[in-house]
Amino acid sequence: MLNNFQLVAITIKGNNATLYKVPITQKLQKNLAEQWHSQLKNFTENVQEISFDAGYNPESEERFAIDDFELPDWLEKHNSQSAAEIDSIGDNEGHLLEIKALSGFGQFNGEEVIVFQNFSPKHIIRANQSLLLKKGIYDTNTKPSLILGQNCSAVFFENDKKLVFLHFRSVNVYLPLADYYQEAAEQDIREILSHDTLLAENPDTLAKDAPQWFRKLNPYPH
């Protein structure tokens, strides 16, 4: 399992990101350490790591991998030790709707890792919106509840500074991936369209009015 597991919420409001510890019982901490360890292994083992290309949709057995990935400052300074000391989301319920991801800090084979799960407001059960069975009688939740996912969306390995992920759009919500791809400038598109193997009907119009998805270039070619 993930040693020293700490569950942390990533909240984002505007351009400001904040981490909040999700306080859990010791028993639940152990169970989640095992579950998130399994998610990490299922996500990263027996898969093919490929260079990041924002215009490509990976197959089920493929994962994007970025080496020397730079975590944002608000995340880079924390590990499984320091994460236990940050403010609790339980004392900051007003920020629940700002949670964009849940992260599991821990140690995997002696290495610090961060395992990420996507999160959105639909993963919050508001107070008095669910029925809980207690000693044969159903009661309701008096506080908001968080729904945990069954799969991780990204993993960061501290030793190699490597980020492994599957979907650009969902991970880019809470991690800055935009810096790892570039858009083709108008002149770049003209040069591509002028290649002997291509025959564009109106290269000038295409180069000038190309949409964003067309302009995406992979700075880490296969």
Next on the checklist: Condition first: in contact (Cβ under 8 Å) with a residue 60 or more places away in the chain and within 20 Å of F165 (Cβ to Cβ). Now tell me which residues in region 84-115 satisfy that.
Outcome noted: I99, K100, A101, L102, S103, G104, F105, G106, F108, V113, V115
Item to check | Set E85, E111: member being among the acidic types (D, E) and closer than 17 Å to W36 by Cβ | outcome: E111
Checklist entry - How about region 130-169: which of its residues are closer than 13 Å to A65 by Cα and either among the hydroxyl-bearing types (S, T, Y) or at pLDDT below 90 (or both)? => result S153
Next on the checklist: Just the residues that are part of a loop (DSSP other than H, G, I, E, B), loosely packed, with under 15 Cβ neighbours inside 10 Å and not basic (K, R), please, taken from region 72-85.
Outcome noted: P72, Q81
Checklist outcome for this item: Reported set for region 121-152 where residues are in a loop (DSSP other than H, G, I, E, B) and open to solvent by 40 Å² or more (accessible area, probe 1.4 Å) is R126, N128, Q129, K135, G136, T142, K143, P144, I147, L148, Q150, N151
Item to check | Neighbours by Cβ (under 7 Å, 6+ apart or cross-chain): first from region 167-179, farther than 14 Å from G55 by Cα; second of a type outside the set (S, T, Y) and surrounded by fewer than 17 Cβ atoms within 10 Å (Cβ to Cβ) | outcome: Y174/I12; P176/P72
Next on the checklist: Could you list, ordered by first residue, the pairs with Cβ atoms under 9 Å in which the first is in region 1-22 and within 16 Å of D73 (Cβ to Cβ) and the second is assigned to a loop (DSSP other than H, G, I, E, B) and open to solvent by 60 Å² or more (accessible area, probe 1.4 Å), at least 6 apart or interchain?
Outcome noted: I12/V173; T18/D87; L19/D87
Checklist outcome for this item: Of V115, V164, V155, the only residue that is in contact with a Lys or Arg (Cβ under 7 Å, 6 or more places away or on another chain), buried (at least 16 other Cβ atoms within 10 Å of the Cβ) and either assigned to a loop (DSSP other than H, G, I, E, B) or of a type in the set (V, I, T) (or both) is V164
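Rundown of residues vs (1) crowded, with 19+ Cβ neighbours inside 10 Å; (2) more than 19 Å from I147 (Cβ to Cβ), yes/no style:
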residue: A9; (1), (2): yes, no
residue: G14; (1), (2): no, yes
residue: L32; (1), (2): yes, no
residue: S38; (1), (2): no, no
residue: N42; (1), (2): no, yes
residue: F52; (1), (2): yes, yes
residue: E59; (1), (2): no, yes
residue: A65; (1), (2): yes, yes
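The values are calculated or read from the model by the stated rules, or taken from the named source; none is laboratory data. Since the structure is predicted, the reported quantities are computational estimates derived from the model, not experimental observations. Note that we place each Cβ from the backbone using ideal geometry, even for glycine, and neighbour counts take in every protein chain shown. Surface accessibility is based on the protein's heavy atoms, side chains included, excluding ligands, DNA and RNA. Shrake-Rupley method; radii C 1.70, N 1.55, O 1.52, S 1.80 Å.
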